[in-house]
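Participant: The structure under discussion is supplied below as structure tokens; questions concerning it will follow.
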Amino acid sequence: MQLSLNWLRTYVDLPESLEELEALLTNVGLEVESIEDRRDSFKDIVVGEVLTCEKHPNADKLSVCTVSNGADVSTVVCGAPNVAAGQKVIFAQVGAHIEKLGFTIDRRKLRGIESAGMICSSSELGLDDDHSGIAVLQPGALPGTPIARYLGFDDVILGIGITPNRGDALSHIGTARDIAAATAGELRVPTPELAECPDPEPFSIDIRDPELCPRYSGAIVRDVTVTDSPDWLRKALTAAGVRPINNVVDVTNYVMMEIGQPMHAFDLELLEGSSIVVRAAEPGETITTLDDEERRLPERALLICDAVKPVAVAGVMGGQHSAVSTSTTSILLESAHFNPSSVRRTAKMLQLSTDSSYRFERGSDPNVTLWALRRAVQLILETAGGKLRGLYDAYPSPVLEKIVALRPAFVNRILGIEISASEQRRILEALQVRILGEDDAAFQCSIPTFRSDIEREIDLVEEIARIHGYDNIPVPTRIEMNVGTRFDDQAFPARLRNLVLGFGFDEILSSSLVSRGRAGVSGEGGTVVDVLNPVSKERPSLRTSLLPSILEAIDLNIRNGMPSVRIAEIGHVFAAMEEKNFTERNMLAFAITGNAQERSWYAPGRESDFFDLKGVLHQLVEALYIDNDTIFYYDRTSTLSEHVLTLEVKGRYAGQAVEVSDAILASFDIGQPVYYAELDIDLLCEALPKRQRYVSVAKYPSMTRDLAVLVAKDILAEQITRTVQLGNPAYLKSVRVVDVFTHGSIGKDRKSVAFTMTFQADERTLTDEDINDSVDAIVSALKRELQAELRA
């Protein structure tokens, strides 16, 4: 939107420098996208008066003129066919630079007569595309007046970027309101001076669909004279980027640029009947708009109609049939409020964007229509004459101001600074938010209807922040945060993510919504949670496990020629509980399928197996420093798979690793083994040690001892290593199972488990005698706890 600084000054006092104003506007959310300083435009080009005009003695198509600039008289040779004595013209004096033509005016002879200047057309100055002849100015133009001042170009034009929620700022008064609030200045809004019409003409307004048109106001003015607008009006519109047309149309555009309310003027004599009907378009209905295009109207497009036919597309463009012209003597002025969505839809389908539709789409003020109407009538009576014959207003369901409570203490807590309650109150009232009551603990704020974007307390906080100035909110130099003994919610998942990526996995991100049949595919406890209003009918349920998402990704990769996959995901799973409640957990899942090692010249290929997955789990708990608190054991009773490895951390179930069953894989069209693990992130986080203690690398060599024991087949290897460790034998550093052997020779219900132990001291080199006592204690513990026998 273009803003004229000269126009803006009539409503508010501006900062002294242009740089200050630019910074102020940008800080309050009205970004200055361009600045055009016209004050030095058209230097040495002034209003001239043609005193005499005679034919050139040596050329049929040239004239020799004498032109006065108010002080001196110059001889000018002119080739325009419409030049004549007595005209006020645009006179480029010697030394003037015509930027569009690319040359500087100097004295030169044309067919033997010296010409000291140039009489210009408007197109030569780049004002328009009229090449028919020189520009003839108003008779009252004063010779010698700089043409920039005459045209309203002694101004600075700002291009302002308006966000979609700030329709209230699409006007000079709307912008002035923010400036006044930020500078604690006075906002000067004119009060229309209009006498009431004692005996209005009979006229009715019929709104058929109040949802699409909540309010329609109109005024009838008779005996107007339609002609060119006065200079002040033409200059104002030109500065705002609006082309002047005639005094009546220009007034409607002036009011729109002043207050932001789009308006339209109809030739009353061309309307049939004494009523306006606001209704939706009927199938196949057409209208010829002001741009002389016949348009087929989309269904439900809102129309303004007389008693017989459509005369305008509501909020978009008027009809050609009822347009105001120089022969118009009676007009109907329209000032209405239309539904933003309706206008946006109609303008898009008609591929027709106008200044009116641009404003209606962003939301106009339903309670400003009468003010705008009175203002327009006042200006028309001043510029076109005439008599007011009636004001009419249809407002079936008045739009009321919303009441929003605001706590000053809440503002300060959100912004992290101290703004006094009185200053907050001043800012709100400067934005024309009315404060109901005198309680400073909580303001009851009545939100003006031109700010439809303010709905909640936090919206008012934002208003106070932008007017107070974001630059006035200091950036903290140090942030102190007490996270207790745990990682914060984002840090620990990020740590897990980095670990898993370091183990060679690729991360995927998938939707929590899955098909109903796959939602409970993992067999987790709890029932499936269905979404009341799903985005897709094919995916109405929340997953109870990350397994469906992982398998869908694996299937997609395999179908695209990538059978070897290592993928992981951090995401939420859900399960319904009693009384319509449900649980939500944060889980880590990863899966392996395909080759663990590709075939090469130096080594054969190897397919991934369950122990690749188990190795990753061991790496993970070691990297989190919870390996001493973690127990792995196989669940022989599970129906999910032959291989089900369960993790317990500090005695609590933390997750499982499985070889996915063939039945589940078949439902995803996967024909190769998949190994999958899923862990509870919150439980892992709670198990993290409060601190890690650094232990230096031992200086002395270690010693190993291997033992093999016979135990019952149902004894887990983990039980053996745990029994060895629980005895806390001297110098023992680690224990690891290296072999499991079964054979009829040792009994069908028994197995042989071999393990290796590492012993090491920090202060000296150990001898066999040093560790014999420890080994004897370990053998005794195994016999006592597991009924193990030492195998010869």
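The values are calculated or read from the model by the stated rules, or taken from the named source; none is laboratory data. Bear in mind that the values here come from a model prediction, so they are computed numbers and not experimental data. We place every Cβ from the backbone using ideal geometry, glycine too, and count neighbours over all the protein chains shown. Heavy atoms of the whole protein, side chains included, go into the accessibility calculation; ligands, DNA and RNA do not. Shrake-Rupley method; radii C 1.70, N 1.55, O 1.52, S 1.80 Å.
Participant: Taking only DSSP H segments of four or more residues, each worth -39500 (n - 2.57), what value at 222 nm results for the chain once the sum is divided by all its residues, to the nearest 500 deg cm²/dmol?
Facilitator: -7500 deg cm²/dmol
Participant: Are there GluC sites (Glu not before Pro) in segment 1-47 that DSSP puts in a loop and that have at most 16 other Cβ atoms within 10 Å, and which ones?
Facilitator: Glu16
Participant: Something else about it: Largest first, please: the extent of the C-alpha atoms of segment 662-792 along each principal axis, to the nearest Å.
Facilitator: 61, 49, 24
Participant: Please work out whether segment 1-101 counts as rounded, prolate or oblate from its C-alpha gyration tensor, where a ≥ b ≥ c are the square roots of the eigenvalues and a/c under 1.5 means rounded, while otherwise a/b larger than b/c means prolate and anything else oblate?
Facilitator: Taking the square roots of the gyration eigenvalues as a ≥ b ≥ c, segment 1-101 is prolate.
Participant: Let me ask another. For Rg and Dmax of the Cα atoms in Å, pick the label among (1) 31.6, 106; (2) 29.5, 90; (3) 42.5, 137 that corresponds to the value derived from the coordinates.
Facilitator: Structure-derived value, by its label: (3).
Participant: What is segment 79-152's relative contact order, in percent, from Cα pairs under 8 angstrom and six or more apart in sequence? It would help to have the intermediate numbers written out before the result.
Facilitator: Numbers: 96 pairs, mean separation 24.5, N = 74.
Answer for segment 79-152 is 33 percent.
Participant: Of all alpha-carbon pairs in segment 243-307, indicate the percentage at a distance above 14 angstrom.
Facilitator: Of all Cα-Cα pairs in segment 243-307, 70 percent lie more than 14 Å apart.
Participant: For segment 647-692, what Kirkwood radius comes out of the mean inverse Cα-Cα distance, in Å?
Facilitator: Averaging 1/r across every pair of different Cα atoms and inverting gives 12.7 Å.
Participant: Right, here's the next one. Using only alpha carbon pairs under 8 Å that are at least six residues apart, calculate the relative contact order of the chain and give it in whole percent.
Facilitator: So the answer I get is 8 percent.
Participant: As an exercise, identify the GluC sites (Glu not before Pro) in segment 258-293 lying in DSSP coil whose Cβ has no more than 13 other Cβ atoms within 10 Å. Spell out each step's value before the answer.
Facilitator: On the way: sites: Glu258, Glu269, Glu272, Glu285, Glu293; in loops: Glu272, Glu285, Glu293.
Here the GluC sites (Glu not before Pro) that fit, given the DSSP loop and packing criteria, are Glu272, Glu293.
Participant: A further question follows. Grab the beta carbon distance between Asp292 and Gln2, set R0 = 35 Å, and tell me the FRET efficiency rounded to 0.05. Walk me through the intermediate numbers first.
Facilitator: Values: r = 26 Å, r/R0 = 0.75.
After rounding, the FRET efficiency stands at 0.85.
Participant: May I pose another question? Highest first, please rank the peptides 245-252, 783-790 by the mean number of other Cβ atoms sitting within 10 Å of their residues.
Facilitator: Values: 245-252: 23.0, 783-790: 14.9.
Order by mean packing, descending: 245-252, 783-790.
Participant: With N set to the number of residues, divide the alpha-carbon radius of gyration of segment 102-217 by 2.2 N^0.38 Å and report two decimals.
Facilitator: After normalising by residue count via 2.2 N^0.38 Å, the value is 1.85.
Participant: What is the distance in Å between the Cα centres of segment 259-278 and segment 713-751?
Facilitator: 96 Å
Participant: Related question: From the Cα gyration tensor of segment 319-431, with a ≥ b ≥ c the square roots of its eigenvalues, which class applies: rounded if a/c is under 1.5, or else prolate if a/b is larger than b/c, or else oblate? If you can, show how the numbers build up before the last one.
Facilitator: Numbers: a/c = 2.92, a/b = 1.92, b/c = 1.52.
In terms of gyration-tensor shape, prolate.
Participant: Expected output is a single nm value to one decimal: the length gained when fully extending between Glu201 and Glu622, i.e. 0.36 nm times separation in residues minus the C-alpha distance. What is it?
Facilitator: On the way: separation 421, 0.36 × 421 = 151.56 nm, distance 9.04 nm.
Fully extending the segment from Glu201 to Glu622 adds 142.5 nm.
Participant: Expected output is a single nm value to one decimal: the length gained when fully extending between Ile473 and Arg345, i.e. 0.36 nm times separation in residues minus the C-alpha distance. What is it?
Facilitator: 42.0 nm
Participant: Here's another thing I want to ask about it. Going Cα to Cα from Lys88, which lysines come in below 27 Å? Please leave out same-chain ones fewer than 8 positions away.
Facilitator: Within the straight-line cut-off, Lys88 pairs with Lys43, Lys55, Lys61, Lys100, Lys109, Lys235.
Participant: Across segment 535-551, in residue order, what do the Karplus-derived ³J(HN,Hα) couplings come to in whole Hz, using 6.51 cos²θ - 1.76 cosθ + 1.60 with θ = phi - 60° and x for Gly and Pro?
Facilitator: Coupling constants for segment 535-551: 5, 10, 5, 6, 10, x, 10, 8, 5, 8, 8, 7, 4, x, 5, 5, 5 Hz.
Participant: What is the distance in Å between the Cα centroid of segment 194-250 and that of segment 351-400?
Facilitator: Distance between centres, Cα-based: 7 Å.
Participant: Probe radius 1.4 Å, ligands and nucleic acids ignored: give me the carbon and sulfur share of the accessible area of the chain as a rounded percent.
Facilitator: Values: 19420 of 40220 Å².
After summing per-atom areas, the C and S share lands at 48 percent.
Participant: Here's another thing I want to ask about it. Report for the chain the percent antiparallel among DSSP-assigned beta bridges with both residues inside it, nearest 5.
Facilitator: Restricted to the chain, the bridges split so that about 95 percent are antiparallel.
Participant: Using 0.36 nm times the number of residues separating Thr52 and Thr527, minus their current alpha carbon distance, what extension gain do you get? Kindly include the intermediate steps, with their values, before the conclusion.
Facilitator: Numbers: separation 475, 0.36 × 475 = 171.00 nm, distance 9.89 nm.
Extra length available between Thr52 and Thr527 comes to 161.1 nm.
Participant: Okay, moving on. Applying the Karplus parametrisation 6.51 cos²θ - 1.76 cosθ + 1.60 with θ = phi - 60° to the phi angles of segment 737-754, what ³J(HN,Hα) value in whole Hz is obtained for each residue in order, glycine and proline being reported as x?
Facilitator: 6, 10, 7, 10, 10, 10, 6, x, 5, 9, x, 5, 9, 10, 9, 9, 10, 9
Participant: Can you give the charge dipole size of segment 1-150 about its Cα centre, rounded to the nearest 20 debye, using +1 on the beta carbon of Lys and Arg and -1 on the beta carbon of Asp and Glu?
Facilitator: Charge dipole, segment 1-150, about its Cα centre: 980 debye, nearest 20.
Participant: Taking only protein heavy atoms into account and a 1.4 Å probe, give the accessible area per residue of the chain in Å².
Facilitator: With all protein chains present, the chain gives 51 Å² per residue.
Participant: Using a Förster radius of 60 Å, what is the FRET efficiency between Val73 and Arg413 based on their Cβ-Cβ separation? Nearest 0.05, please.
Facilitator: My answer for the efficiency is 0.20.
Participant: Turning to a different aspect of this structure: Set the Förster radius R0 to 45 Å, insert the Cβ-Cβ distance between Thr767 and Lys650 as r into 1/(1 + (r/R0)^6), and round the FRET efficiency to 0.05.
Facilitator: Numbers: r = 37 Å, r/R0 = 0.83.
Using R0 = 45 Å, I get an efficiency of 0.75.
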